[in-house]
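Undergrad: Quick one: the structure is below, and I'll ask about it shortly.
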Amino acid sequence: MKNLLLMGFFCLTISTLFGQAKSITVQNGCIVLNVKQNILYIGIPNTIRIYDKYISCDSLQVKTDNGRITPTGTPCHFTIIPKNFGGCNVLIRNKNNDSSVMKTYFRTLPLPSPQLLLDNKVSGKIPINELKLQLGVAAEIPDLDLQNSYIVKSFSMIIIRKDRIVANLNNIGDRFSEEVKLAINDVEKGDKILVWNIIIIKPGQITEKISPTEYIIE
C-alpha cells in the first residue's frame, strides 16, 4: 500500500511539473527537472528539482563535478552554480545508506545577452492602447528568472510612419522621458518603433550594447 501511495505521488509529481520543465531525466524512480532544456549557465544560480519515489528530499545528497550545488531551502529544490564551460555531472546519493541513486549530465554555457522588452515583448506587434500605458523598457533574458539583474542605462527610439521618420529620440535610463512619452502618445496604428543603441549595465557594473528590436503598432 505504501509503495502504491509513493508511486501515485511520483506520477502526480511528473504530471504537475512537466508543463514547467523543458528537461526531464528519469532513472530508477528518481526524476530531475530543469526549466532550461538541459542547460546550466556559468556563474549564476541555476535551479533544478529532484524527486525520488522512495527517498525523501531531506535524505538526498547531491554533488556536482563542476562548480557548487546547494539546497535552496525549498524542499527538493537545489541551486547549481557551474564554474567551467562544457558540462557537469550531477551525482545523487541516498544519505541514509550512502547508496548511489542516479547520475545525470547538463551542458554548461556562458550566459546569453539579455534582450530589450517593451510591453513584455522582445519584438512584434503591440496594441496601441497597451503601448500608451507603458512607462519604460526593461532588459531580461527570456526563460531565466533574473529579474532586476540588468539595468537599462540608455537607448534611442525611432518612430516610422509610412516610410518616414516622425521621431528620433534618445532616452537616459529605463523609464521614458517626457519627450519620449509625448512621441508615444502621438503614435498611430501601423507605425513602426525601432529601439536601438541600447546600453545596459550587467551584474558587476559591466556595460554592454545589446541588439536592437522593432515593433509594429496595431
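Undergrad: Taking neighbour Cβ counts within 10 Å as the exposure measure, how do 78, 85 sort from fewest upward?
TA: Values: 78 22, 85 11.
Ranking 78, 85 by Cβ neighbours within 10 Å, fewest first, gives 85, 78.
Undergrad: Another question, if that's okay. Taking amide hydrogens as modeled 1.01 Å from N in the peptide plane, which residues meet the under 5 Å criterion relative to residue 72, leaving out close sequence neighbours?
TA: 77, 78, 79
Undergrad: Any idea what diffusion coefficient region 43-132 gets from Stokes-Einstein, in µm²/s, Kirkwood Rh on alpha carbon pairs, 37 °C, 0.692 mPa s?
TA: 209 µm²/s
Undergrad: Further, regarding this structure: Could you go through region 153-165 in sequence order and give the Karplus-derived ³J(HN,Hα) for each residue, using 6.51 cos²θ - 1.76 cosθ + 1.60 with θ = phi - 60°, rounded to whole Hz, and x for Gly and Pro?
TA: Values per residue, Gly and Pro as x: 7, 6, 7, 10, 10, 10, 10, 10, 10, 6, 6, 10, 6 Hz.
Undergrad: Now, a different point. Show log10 I(q)/I(0) for region 174-218 at q = 0.17, 0.20, 0.30, 0.32 Å⁻¹, two decimals, from a solvent-free Debye sum over equal Cα scatterers.
TA: After summing over all Cα pairs, the log10 values are -0.64, -0.79, -1.10, -1.13.
Undergrad: To continue, here is another question. At a threshold of 8 angstrom on Cα-Cα distance, excluding pairs fewer than six apart, so keeping six or more, what relative contact order does region 66-181 reach in percent?
TA: 14 percent
Undergrad: How long are the semi-axes of the ellipsoid equivalent to region 80-207, from square roots of 5 times the Cα gyration tensor eigenvalues, in whole Å, largest first?
TA: Each semi-axis is the square root of five times an eigenvalue, giving 43, 15, 13 Å.
Quick note: the coordinates plus some simple rules give every number you see, no bench work behind them. Everything quoted here is computed from the prediction, not taken from an experiment. We place every Cβ from the backbone using ideal geometry, glycine too, and count neighbours over all the protein chains shown.
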